[in-house]
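In what follows, a single structure is set out as structure tokens and then discussed.
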Amino acid sequence: MNAITQSRSGDTRQHILSVAKVLILGKGFSAVGLNEILKTAQVPKGSFYHYFDSKEHFGTVLLENYFDDYLAALAISLNVSSPKSALHLLLDYFDGWRESQCSDITSDKCLVVKLSGEVSDLSEAMRLALKQGTQRVITRLAQCLQQAVDNHEIVLSDDVETVTKELYYLWIGATLMAKVSHTPDAFNVAINALHARLNLVNQNSI
């Protein structure tokens, strides 16, 4: 297979994943059938099975791809070589989380929240993809938080990993409740809890 063929092959695979992600973010994994994916992506069934052994395999790859893209974006937004402090990078990240999840743009929604409750009991492979992917996110956030601690921007009463997990779980829950209520109230609670957990409540500079 030459380089051009490899590139086209990769483009088709990524095109299927990108199209399907938007469909699944809107309807869920089980509600989106293979025919709908093929019709929307405008690819034949043979192309799908060239890249994916089954819908479960496809769902697992979809999640892995989602986390790869998310971590790549996270590496840019939490780049500690930027003029902003590590703490402000972290706060900007959560502000961006709230903004994206309150928007009407389906492609910006959280695939973790959309699929966790649905697929974790149906597919062990997809459950593991979610588990491993979310741990990667937590690890990257913890690195930024550790940088803020090392730079004496904040003082924590617990270890960085524990605090990072608390914050991530809090915001996943807030995202779910915002979907239920169709209001940003859960994110307002999450922002206040974030500031309190990082001991920022009485800091005028934040």
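No value in this document is a laboratory result; all are computed from the given coordinates. Worth saying up front: this structure is predicted, and the values here are computed from it rather than measured. No Cβ is skipped: glycine too gets one built from the backbone with ideal geometry, and neighbour counts run over all protein chains shown.
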### Task
Express in nm, to one decimal, how much length is gained between Glu166 and Val180 on full extension, taking 0.36 nm for each residue of separation and deducting their alpha carbon distance.
2.9 nm
### Query
In nanometres, what is the gap between the two model label sites at Ser30 and Ala75, each 7 Å from Cα along Cα-to-Cβ?
3.7 nm
### Query
Taking only the alpha carbons of segment 67-119, what extent do you get along each of the three principal axes, in Å, biggest first?
40, 22, 16
### Query
What's the percent breakdown of Cα-Cα distances in segment 129-206 across 10 Å bins, shortest bin first?
18, 44, 32, 7, 0
### Message
Once you keep just the Cα pairs under 8 angstrom separated by 6 or more residues, what percentage relative contact order results for segment 59-197?
### Response
26 percent
### the chain: equivalent-ellipsoid semi-axes (sqrt of 5 x gyration tensor eigenvalues, Cα, Å)
35, 19, 15
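In a shell of Cβ-Cβ distance under 15 Å around Lys165, excluding Lys165 itself, what net charge do Lys and Arg (+1) and Asp and Glu (-1) give?
0
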## Note on the structure
Close lysine pairs (the chain; alpha-carbon distance under 20 Å; 8 or more apart or on separate chains) counted at 22
### Query
Measuring from centroid to centroid over Cα atoms, what is the spacing of segment 123-161 and segment 39-57 in Å?
34 Å
